[in-house]
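These notes concern the structure reproduced below.
Just so it is clear, none of the values below were taken in a lab; they were calculated from the coordinates. For clarity, every value in this text was computed on a predicted model and none was experimentally measured. Every residue, glycine as well, gets a Cβ built from its backbone with ideal geometry; the counts of neighbours run over all protein chains shown.
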Amino acid sequence: MGRLEGRRAFLTAAGAGIGRATAEAFAREGAEVIATDVDRRALDGLSKAGVKQLEPLDVCDTAAVNALAASVGEIDILFNCAGYVHHGSILECDEQDWDFSFDLNVKSMHRTIHAFLPGMLKRAEAQGTSGAIVNVASGASSIRGIANRYAYGASKGAVIGLTKAVAADFIQRGLRCNAIAPGTVHSPSLEGRVAALAATSGESKEAVWNAFIQRQPMGRLGTVEEMAAVAVFLASDESAFTTGIVVSADGGFSL
């Protein structure tokens with residue numbers, strides 16, 4: 001406990017899943033947490049978990065991101081979690097699907113980093129500490145090709161490239177940037193995807209669930225709490241000598 005004491009953390013997509021679990025974990029570790037989500041109602045209950053500030057935010061709106069960053073002020077930790085999983089190969093991906101995937105999965109991170117980075121650098125220099133950016137990538141990316149994840153895999157591969165570029169540019173200025181590449185994680189998002197796939201494929205939900213589980217070498221899905229634990233490590237001083245890496249928290253999915 002207390003690994004993030006005195007730190008200010010800003011999170012996107014904190015209404016559910018990995019984002020929500022990470023907001024709660026950061027708060028437990030002593031951080032002043034600003035949690036955002038495109039659906040403000042999804043953030044309900046986080047105040048009871050110690051989250052300091054709840055804000056609606058569409059990370060695809062540059063003006064909104066810049067305005068909220070100006071209002072929030074300098075931070076120490078930026079956790080980029082917003083994302084979307086497009087299903088299908090290139091034959092099922094039109095330009096709108098491609099553009100939306102890259103806007104939400106990649107450009108949203110460009111927006112938040114561009115908005116917060118100057119203040120993070122200033123704060124790190126003034127306090128003699130390091131700022132930490134943690135981006136959520138995926139095992140389906142440049143790490144591993146997955147069938148029917150064309151736009152998703154391409155966009156998450158771009159997240160890995162973005163992460164390494166930011167790490168390299170600011171490695172000597174008190175700023176670290178790392179990524180988490182989850183395998184399949186049991187979350188509300190996955191539950192929605194399972195229901196949709198079952199409806200379109202004609203398979204039962206149980207069969208779709210089993211397909212997700214069977215591709216995990218450990219024989220089970222990950223939990224959002226396990227991903228949040230990795231995020232705490234990458235945001236804390238425990239990873240002070242770590243930048244530009246991708247942590248594959250995937251139950252062997254990348255093996």
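Only Cα pairs within less than 10 Å get springs; with that Gaussian network setup on the chain, which residue of Ala140, Ala49, Ala25 has the largest fluctuation?
With Cα springs under 10 Å in the chain, the top fluctuation among Ala140, Ala49, Ala25 is at Ala49.
Run down the lysines and flag those whose C-alpha is under 21 Å from the C-alpha of Lys156, throwing out any fewer than 8 positions away in its chain.
Lys107, Lys164
Positive end of the charge dipole of the stretch 1-75 (Lys, Arg +1 and Asp, Glu -1 on Cβ, about the Cα centre): tell me which of Leu43, Gly6, Leu68 has its Cα farthest that way.
After comparing all options, I get Gly6.
In degrees from 0 to 90, rounded to the nearest 10, what is the angle of the helix 205-214 Cα long axis to the longest principal axis of the chain?
With both axes taken from Cα atoms, the answer is about 60 degrees.
Please tell me the relative contact order of the stretch 132-175 in percent, rounded to the nearest whole number, where contacts are Cα pairs under 8 Å and at least six residues apart.
38 percent
According to the square roots a ≥ b ≥ c of the eigenvalues of the Cα gyration tensor, what is the shape class of the stretch 185-228, taking rounded for a/c under 1.5, prolate for a/b larger than b/c otherwise, and oblate for the remainder?
The shape class here is oblate.
If you average the alpha carbon positions of the stretch 183-255 and of the stretch 72-129, how far apart do those two centres end up, in angstrom?
What the calculation gives is 20 Å, centre to centre.
For the stretch 1-152, calculate the relative contact order in percent as a whole number, restricting contacts to Cα pairs under 8 Å that are 6 or more residues apart.
Contact order relative to length: 23 percent.
For the chain, with a Gaussian network of springs between Cα atoms less than 10 Å apart, report the residue from Arg215, Arg111, Arg176 with the top mean-square fluctuation.
Per the Cα network of the chain with a 10 Å cutoff, Arg215 tops the list.
Counting only C-alpha contacts under 8 Å and six or more residues apart, can you give the relative contact order of the chain as a whole percent?
19 percent
Which residue, Leu91, Leu11, Leu221, tops the fluctuation ranking in a GNM of the chain built on C-alpha contacts under 10 Å?
Fluctuation is largest for Leu91.
Please work out the Kirkwood hydrodynamic radius for the stretch 1-45, using every pair of different C-alpha atoms, and report it in angstroms with one decimal place. Write down the numbers at each step before the final one.
On the way: mean 1/r = 0.0970 Å⁻¹.
In the stretch 1-45 this quantity evaluates to 10.3 Å.
Find out how many positive minus negative residues lie around Gly174, taking Lys and Arg as positive, Asp and Glu as negative, among other residues whose Cβ is under 11 Å from that of Gly174.
Numbers: positive: Lys122, Arg123, Arg173, Arg176; negative: Asp76, Glu125.
Combined, the nearby Lys, Arg, Asp and Glu give +2.
I'd like the orientation of helix 188-201 relative to the chain: the angle between its Cα long axis and the longest Cα principal axis, in ° from 0 to 90, rounded to 10.
Orientation of helix 188-201: about 20 degrees from the principal axis.
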